[in-house]
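I have placed the structure first, in the form of C-alpha cells, so that the comments after it can refer back to it.
Derivation of every value follows stated rules applied to the coordinates shown; laboratory data play no part. Quick caveat: nothing in here was measured; it's all calculated off a predicted structure. With ideal geometry, Cβ positions are generated from the backbone for all residues, glycine too; neighbour counts draw on all protein chains shown.
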Amino acid sequence: MSGMVGARRPIVAGNWKMNYGPTEAHDFLARILPDLEAIAGVDRVVCPPSISIAAAHALTSASGVMLGAQNMYDAEKGAFTGEISPLMLRGLCDYVILGHSERRALFGETDELVNRKALSAFAHGLRPIVCVGERLEDRDANLTERVITAQVRGSLANLPADRLNELVVAYEPIWAIGTGRAATTQDARDVIAIIRALLDELYGEAATAGVRVQYGGSVTAANAAELAAGPLIDGALVGGASLTADFVTITRAFAEAKQAR
Ligand code: 13P
C-alpha cells in the first residue's frame, strides 16, 4: 500500500553542488567511504560535480556507495555546448538529480524540460531524483499545494508505470535550502503526502508503492533523526552537510530509524 511504514528502502543522497573538484572529491570520499560503506539498509548516493564523477567512481566502484550526477541533458549527443549526456553518465552513475530548484531558478529549467530529462533517464537506465518545491511566497500565499501539483504533473508525466520503483522524488522547499531553516517534520510529511496522492492519481497505487520521496533543505546531523523517525519521509537529499562527515551521521540516522520501525 502506498505510504506504508517501512515498506521502502530509505535513500540518502549528497548533492555537493558546485564543490569539490576531482582531487578534493577523491580525498573527501576516501575519508568518509569506510564509514558510509558500513551503514546497512539504506541506499547511499553521492552526487559530485560532473567533472569529479570519474575520480569518485575510481573509489566507489568497488563499494556499496552509489554515484549520482547533479544534472544532465536529455539528448544522447550533439551540438549542446557544455551539456552532459545520459550515455556519458551510464556506467559511472546510478542516479541523476533533475530539476533541482537551483537549475529551475538560475538556469531556466521548466517542468517540460525536466520531464524530458526524466524520460531520457529512464530510457538510459539512470534513476532520476526529481526535485520539486515551493518558494516562500507560495507557502505564505497558501499556494504550496497548487505549485507542487503543477510541478509533479508537469515533471513526472508519462513515465513508465512498470518502472516507478526506480523513481525518487525530492521534496525541497526552496525557503529551506541553504537557509538553516529546515521544514518541520510535519510540514515535510504533509507535502510528501500530497506528492504521493498525486502520483497515485497519475499511475495508480500499485505502481507507485515503490517510489521513494525524500526531504531536502537544511538537513543536518542534528535534525536527521527526527526527519527519519516517522512515516512518509523515505530519505534525504543533503546539500551543505554532505560536504562533511556529517553526511555519515545523517545516513546512519535513516538506517537506525528504519531498524526501529
Ligand atoms: P542544503 O542541505 O544545503 O540546504 O541544500 C539542500 C539541497 O538543495 C539539496 O539538493
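Give, in nm to one decimal, the length gained when the segment between residue 75 and residue 7 is fully stretched (0.36 nm per residue of separation minus the Cα-Cα distance). The partial results should precede the final answer.
Numbers: separation 68, 0.36 × 68 = 24.48 nm, distance 3.45 nm.
Roughly 21.0 nm would be gained on extension.
One chain, two ends: residue 19 and residue 90. Fully extended at 0.36 nm per residue, the span grows by 23.4 nm beyond their Cα-Cα distance. Using every pair of separate Cα atoms, the Kirkwood estimate puts the hydrodynamic radius of the chain at 18.1 angstrom.
Phi angles of region 9-19 translate, via the Karplus equation with coefficients 6.51, -1.76, 1.60 and θ = phi - 60°, into HN-Hα couplings of 6, x, 10, 10, 10, x, 9, 6, 6, 8, 9 Hz per residue; Gly and Pro are given as x.
How far, in nm, would the chain grow between residue 27 and residue 249 when pulled straight, counting 0.36 nm per residue and subtracting the alpha carbon separation? The partial results should precede the final answer.
Values: separation 222, 0.36 × 222 = 79.92 nm, distance 1.87 nm.
Gain on stretching residue 27 to residue 249: 78.0 nm.
Using a Gaussian network for the chain with springs between C-alpha atoms less than 10 Å apart, which of these wobbles most: 244, 81, 185? Result: 81 has the largest fluctuation of those listed.
Hey, with R₀ at 30 Å, roughly what FRET efficiency would residue 197 and residue 137 work out to, going by the Cβ-Cβ distance, to 0.05?
Calculated value: 0.80.
What the Cβ-Cβ distance of residue 112 and residue 225 gives, at R0 = 35 Å and to the nearest 0.05, is a FRET efficiency of 0.40.
Take the alpha carbon gyration tensor of region 139-261, find the square roots of its eigenvalues, order them as a ≥ b ≥ c, and report rounded if a/c is under 1.5; if not, report prolate when a/b exceeds b/c, else oblate. Since a/c reaches 1.5 but b/c is at least a/b, the shape of region 139-261 is classed as oblate.
Only Lys, Arg, Asp and Glu carry charge here, each on its Cβ (+1 for the first two, -1 for the last two); on that basis the chain has a dipole of about 320 debye about its Cα centre.
List the lysines whose alpha-carbon lies under 19 Å from that of residue 117, not counting same-chain residues fewer than 8 positions away? Counting by Cα, and skipping residues close in sequence, residue 117 has these lysines nearby: 17, 77. Model label points for residue 35 and residue 54, set 7 angstrom from Cα along the Cα-to-Cβ axis, are 3.0 nm apart.
Going by average Cβ neighbours within 10 Å, how do the peptides 53-61, 249-257 rank, with the highest at the top? List each step's numbers first, then the result.
Working: 53-61: 17.8, 249-257: 22.1.
Taking the mean over residues of other Cβ atoms within 10 Å, the ranking is 249-257, 53-61.
Label-to-label distance for residue 63 and residue 259 is 2.0 nm, based on points extended 7 Å past Cα in the beta-carbon direction.
First measure r as the distance between the Cβ atoms of residue 184 and residue 157, then evaluate 1/(1 + (r/R0)^6) with R0 = 25 Å and state the FRET efficiency to the nearest 0.05.
On the way: r = 30 Å, r/R0 = 1.20.
Rounded to the nearest 0.05, the efficiency is 0.25.
Which three semi-axes in whole Å describe the equivalent ellipsoid of region 1-136, each the square root of 5 times a Cα gyration tensor eigenvalue, listed largest first? Spell out each step's value before the answer.
Values: eigenvalues 111, 83, 42 Å².
With the √(5λ) rule applied to region 1-136, the semi-axes are 24, 20, 15 Å.
Rounded to the nearest 20, the Cβ-based charge dipole of region 113-221 about its Cα centre (Lys and Arg +1, Asp and Glu -1) stands at 340 debye.
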